[in-house]
Amino acid sequence: MTHQPLIAEVPNQQNTLTAIVEQDARTAYFYIWPNDLFRSQYAVRGCWLRNLLPAPAREDREAMEQGIAPLLSAEYCRTLEAEPMLDPAGLQILWEPSDDGAALWYYGQLLAVIPGWSLYQDKQVSFSAGCIKENRLTAPLGSASTNDYYARAEQQRHFWRDWHDGHLWDVVQHELMQCYQAQFGESVKYYAIDQGSWPPMAISQHWHNGVWVFLTLGMGIRPMPQVDYLFDELAPQYRRVELAMAVDGEVMTEANAVQMASALAEFAHLPWARLTWIGEGHTLASEVAPVGFESFLLANGLAPEVAQFRLPKRDGDRPNLLWATPITEAERQFAQADDRGGQQLLQRLQAEGNDHIFRPRQEVVDPPQ
């Protein structure tokens with residue numbers, strides 16, 4: 001395959017994907033490339049931007065056969081004449097907050113969108129301002145009133161502008177701390193876990209009724225990858241989370257509880273680092289699980305009603321609070337054996353009188369033979 005000269009390149013926040021614009025003397029295209037870790041898992045996604053030669057009457061099969069980016073045929077083009085080359089200085093790539101899709105702006109005008117959910121299915125899906133009829137290379141971008149992805153791109157542009165101003169974290173932090181302190185009293189310690197990069201994230205530590213409680217702040221700023229694809233119109237119920245952990249102060253010192261809760265700092269980055277999502281009944285392995293345990297089960301359902309409090313809304317969505325509780329290797333295998341395994345493990349834990357607070361307990365599944 002012959003590649004066009006690269007005129008723009010912007011990786012996403014976690015460097016899992018890279019958005020690029022390529023242009024030669026014939027065409028300009030917008031692409032999202034999976035980085036090395038994901039190259040075998042996800043395909044490159046592309047979007048035709050414009051023809052730099054007159055639009056051909058028929059499909060540009062010759063270019064496809066030669067591995068060259070094809071011209072778009074006349075019936076799909078807003079402009080039949082050759083368009084001017086794109087000026088690299090006018091290009092701006094903005095990633096979706098979920099980190100798996102991107103929009104391309106050109107001197108303040110929206111030029112193209114490759115939605116994040118398109119990563120997880122086989123068909124190429126993209127939207128181009130220069131297109132007037134859906135085809136194998138792209139579909140019409142239209143306007144904010146005719147295409148939801150146009151409207152979303154505008155909203156996301158405002159999202160990044162607002163975060164660039166630097167005041168939103170104070171609001172997010174204040175709302176969550178108010179919420180947490182209403183449940184568990186004043187925060188006794190506070191740990192930044194964002195490693196100095198966006199988005200800001202932290203863990204707040206509380207001492208409440210003899211229990212060490214740890215809660216994340218900032219995960220809910222971003223929707224998680226995959227959720228829009230998996231849940232479609234129900235996605236707002238699942239795409240944002242914050243995590244929590246509770247440890248009985250009689251069975252673990254503060255230092256040991258803090259070490260165990262450091263798993264939350266790892267989990268807080270996981271959805272975007274792995275292009276995945278986490279939710280009720282999911283299991284996550286961790287090297288800091290307590291002795292005798294191997295992983296954590298995420299389960300709001302383990303907590304009594306008082307610990308299932310509602311979090312402040314973020315961009316119209318209500319984040320879910322997921323309590324992380326240690327589980328054994330046999331319990332993890334049980335949970336992962338089928339789609340409802342995590343929920344069934346949760347029910348077994350409840351049946352034995354366990355809740356979201358970590359204390360020594362008996363294994364609730366038979367060890368594998």
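Could you tell me the ratio Rg/Rh of the range 34-133? Both radii from Cα atoms, Rh via Kirkwood. Spell out each step's value before the answer.
Values: Rg = 14.7 Å, Rh = 15.0 Å.
When Rh is taken as the Kirkwood radius, the ratio is 0.98.
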Dipole size in debye (nearest 20) for the range 90-238 around its Cα centre, Lys and Arg Cβ +1, Asp and Glu Cβ -1? 260
Subtract the Cα-Cα distance of residue 132 and residue 37 from 0.36 nm times their separation in residues, and report this length gain in nm to one decimal. 30.6 nm
Along the dipole axis of the chain (charges at Cβ: +1 for Lys and Arg, -1 for Asp and Glu; origin at the Cα centre), the most positive-end residue among 23, 320, 13 is 23
Residue 350 paired with residue 195, simple spin-label distance in nm, labels 7 Å along Cα-to-beta-carbon: 3.6
Percent accessible area from carbon and sulfur atoms, the chain, protein chains only, probe 1.4 Å: 49
Accessible area per residue, 1.4 Å probe, Å², for the range 221-369: what's the number? 47
What size of dipole, in debye to the nearest 20, comes out for the range 49-112 about its Cα centre when the only charges are +1 on Lys and Arg C-beta atoms and -1 on Asp and Glu C-beta atoms? 180
Gyration tensor (alpha-carbon) shape descriptor, the range 147-246, a/c threshold 1.5: prolate
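So what's the back-of-envelope 222 nm ellipticity for the chain, counting only DSSP H runs of four-plus at -39500 (n - 2.57) apiece and dividing by all residues, rounded to 500? List each step's numbers first, then the result.
Numbers: 8 runs with 81 residues, N = 369.
Mean residue ellipticity at 222 nm (helix-derived): -6500 deg cm²/dmol.
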Would you mind working out the magnitude of the charge dipole of the chain relative to its Cα centre, with +1 at each Lys and Arg C-beta and -1 at each Asp and Glu C-beta, to the nearest 20 Debye? 520
Give the residue from 224, 74, 236 lying farthest towards the positive end of the charge dipole for the chain; charges sit on Cβ (+1 for Lys and Arg, -1 for Asp and Glu) and the dipole is referred to the Cα centre. 74
Can you compute the FRET efficiency between residue 107 and residue 151 using 1/(1 + (r/R0)^6), with r the Cβ-Cβ distance and R0 = 25 Å? Round to the nearest 0.05. 0.80
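Which net charge results when you count Lys and Arg as +1 and Asp and Glu as -1 among the other residues whose beta-carbon is under 15 Å from that of residue 27?
On the way: positive: 26, 50, 61, 78, 136; negative: 22, 24, 59, 60, 62, 81, 83.
Overall, the nearby charge balance is -2.
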Inter-centroid distance (Cα atoms) of the range 130-149 relative to the range 270-324, Å: 37
I want to check the label-to-label distance for residue 330 and residue 359. Put each point 7 Å from Cα in the C-beta direction and report it in nm to one decimal. 2.2
Taking springs between alpha-carbon atoms closer than 10 angstrom, which of 249, 281, 316 fluctuates most in the Gaussian network model of the chain? 316
At 7 Å along Cα-to-Cβ for each site, give me the label-to-label distance between residue 121 and residue 306 in nm. 4.6
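Taking 41 Å as R0, compute the FRET efficiency from the Cβ-Cβ separation of residue 87 and residue 170 and round it to 0.05. Walk me through the numbers before you get to the answer.
Working: r = 37 Å, r/R0 = 0.91.
Efficiency, from the Cβ-Cβ distance: 0.65.
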Highest average packing first - 34-47, 64-77, Cβ atoms within 10 Å: 64-77, 34-47
Rg/Rg_globular for the range 299-369, with Rg_globular taken as 2.2 N^0.38 Å and Rg from C-alpha atoms: 1.26
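Report the calculated FRET efficiency for residue 186 and residue 253 (r = Cβ-Cβ distance, R0 = 22 Å), to the nearest 0.05.
Values: r = 21 Å, r/R0 = 0.94.
The computed FRET efficiency comes out at 0.60.
Which of the peptides 79-91, 16-28 is most tightly packed, and how do the rest follow, judged by the mean count of other Cβ atoms within 10 Å per residue?
Values: 79-91: 13.2, 16-28: 20.2.
Per-residue Cβ counts within 10 Å, averaged per peptide and sorted highest first, yield 16-28, 79-91.
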Return one quarter of the surface area of the convex hull spanned by the alpha-carbon atoms of the chain, equal to its mean projected area, in nm². 20.8
Given a 1.4 Å probe, how much area per residue of the range 1-116 is accessible, in Å²? 46
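The values are calculated or read from the model by the stated rules, or taken from the named source; none is laboratory data. This is a predicted model, so every value here is computed, not measured. Please note: Cβ atoms are built from the backbone with ideal geometry, for glycine as well, and neighbour counts cover all protein chains shown. All accessible areas refer to the heavy atoms of the entire protein, side chains included, with ligands and DNA or RNA removed. Shrake-Rupley method; radii C 1.70, N 1.55, O 1.52, S 1.80 Å.
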